[in-house]
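Read through the structure below, which is laid out as structure tokens, and then see the notes.
All of the numbers you see were taken from the coordinates with simple rules; none came from a lab. All values derive from a computational prediction rather than experimental measurement. Cβ: placed from backbone, ideal geometry, glycine included. Neighbour counts: every protein chain shown.
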Amino acid sequence: MALMYSKKMGRLSAVVALVTVAIGAPASADRRARTTVPPPRRPVIDLRRTAAAPGDQDPATALAEQLRAIWAGRALRRGTTAMYVVDAHTGEPLFAVHEDRPLNPASNVKLLSTATALHVLGPGWRYVTQLVGPAPDAAGTIAGDVYLYGAGDPTFGRRDLDRFAEELVALGIRRIDGGVAVSDLPIRDALAHPTLTVRVRGGAVGEPPIVDVEPALPIVEVVNAATTVRRRRRPPLSVSAEVVEAAGDARRLLVRVSGAVRPGHTRTARRRVSAGAWFTAHVLRAALVEAGIDVRGGVRTVDLDSYVAELAARGRLPIELARRATRPLGELIARVNKPSNNFLADRITATVGAARFGGPPSLDRGVDAMREWLRRAGVEPDEVVVDTGSGLSYNTRMSTRHIVRILRTAAGLRSALAPPAPEPAPIAGRLRAGGLIRPAASRGAKDDRAGAFVRSLAIAGVDGTLRRRYARSPLRGILRGKTGTLTSVIALAGLVEVGGREVAFAFVTNGHRHRRRNVVRFEHRRAAERILDFLRAAREAGGSGEPAPGAGGAVAAGDAAGANTTSPAASEAAAETADDDRAEDGGAAAETADDDRAENGGAEAETADEDGGAADGEANAPGAGADGAGADRADDGGAYAPDGRPHDAAAVDRRAADAARSAGPPRAVPQPSAAQ
């Protein structure tokens, strides 16, 4: 009985097992299918085929679909990307997504600062640095001090001081009974880069290395605590330079060298001198002596008014002995925008502050002038956060709509909404009486602000930061634009013109991983190339390229927010181009000197200094890492949010996100208003 029961239970267990397998098999197969077979994808838009067949659909509709596909694709999924594309002349929107969201545009801020500089100063304005003093007598002797009087020239170098000495010799001046006087203003009367070059060369093992300082000035005192070792070991070589204050003008420049260096090895360090004007006056005095002029006095700091009063009390007045003028501002801003020179941008902005509001050059007042100019572009200053002229800041916030309005207004493609430019104010103590000293800067006869601004933009595949990135692009020689790069920030804004029709655009991506910056740049480039396709298709169609009513050509990208519509060919091309870019850039984390290094906040190459010196090793923004690393290492003295940005910047984004959620998904582009 027990045996029969066991057999029945065995058969029952086998049946149950078979049923279980039969029921479970489809579920297991279904799970495997879900893990191995990709889900259905939305129809892929072949961008090349769409661009090649403009007759199939309206060009504006095709452009909107192509840009929507790029924006919603896998490459731009990480982070936030805003796009705004308009007809440059009419302001008619062609494509928009997140166009009102405040993002960090990085060096696109230079569009605003250079437009403000052209507005306030004019393209013909020049920096002028003068050497003034009493008229020499028949024997070539100047009875008193000569005074170095500048205007904050950001290109003023040591070679210019040598030329001053040569000009005095050419005038027949053989002796100066006084010395060299200068103000104590940190920017106005100083070299653009008041730096010392310190070379440390290892000697015999166990002996101190040989230290050379250039320029060799009597005020320099070297304290050499370094040693020569057979093998490199810690502590590493350290070089510092500081001004040691003393009574009166008896200051010294103390250079300290410590650490270790190997025999025969030479290490070079460049250190900025904090008292720039005082240091510059000593360099000038040394140049005068080198040129054969007997300078009886030393260097003293005194303001210009007191200097003139001293001469007047002796019955003398100063005259101009030598001068150095820069190239016109219209050419200087090309040296800002094309290579994205942060140092030059901030110095010109400081000059604008002095010219607009008076006083010495000031970056803060220059930013005030930028905010004032925003009203000309139809932008309320309170809508924008900006604190530099270069954009080298994590506090900056503006939308792509703001950028396009700035671009169109500065390029003369949009009517300004403010009075004409004011006349420049005197720069910090300019003498007005009697015309004794010529104006330090003046407007040129030609006042083509818009033309100077457009010419300052980088040309794709030709110069500036767009030279290498667009060398193989159909946009070569057609796109004029401005790039922007910080850690987790990539921006591109510009103008594309074909057949008399012009499109203005701005693309800004925030929050991506820095190592994917080339991928983001490639997607921005693809978007700009689709604009070129649109303009060519519109020209071939013989129409304006504007969408017909209901055609949806100017539709925002809300209905494709989750679509992976990038074709495999496009993805492969993006990867290949990113590899090409990395190969061209040598694989360095900070890319070529004319783009990332200029925009990322590394040590500024001394492109503005015409003395031909190398970089001074100083970061060109408050808190930026002096080692040339990404700007995420910048320390503005505040706490950082988990994503690496200052808390106040994160708060701005949170407010923007809340506003976006309350407004719903991205919407259709509205009809342009009269102020567009």
Order of Ile70, Ile406 - criterion: other Cβ atoms within 10 Å of each residue's Cβ, fewest first: Ile70, Ile406
State the antiparallel share, in %, of DSSP beta bridges confined to region 195-272, rounding to the nearest 5. 75 percent
Largest to smallest principal axis extent of the C-alpha atoms in region 294-409, angstrom: 61, 28, 25
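How charged is the neighbourhood of Leu374? Take every other residue with its Cβ under 12 Å from the Cβ of Leu374, and add Lys/Arg as +1 and Asp/Glu as -1.
Overall, the nearby charge balance is -1.
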Taking a ≥ b ≥ c as the square roots of the eigenvalues of the Cα gyration tensor of region 195-272, is the shape rounded (a/c under 1.5), prolate (a/b larger than b/c) or oblate? prolate
Out of Leu112, Gly124, Gly140 - ranked by how far each Cα lies towards the positive end of the dipole of region 69-144, with unit charges on the beta-carbon of charged residues - the top one is Leu112
Could you put Thr266, Thr349 in order, starting from the residue whose Cβ has the fewest other Cβ atoms within 10 Å? Thr266, Thr349
Checked region 309-372 against the a/c 1.5 cut and the a/b vs b/c comparison, axes a ≥ b ≥ c from its Cα gyration tensor; verdict oblate
Quick one: Tyr149, Tyr307, fewest Cβ neighbours within 10 Å first, how do they rank? Tyr307, Tyr149
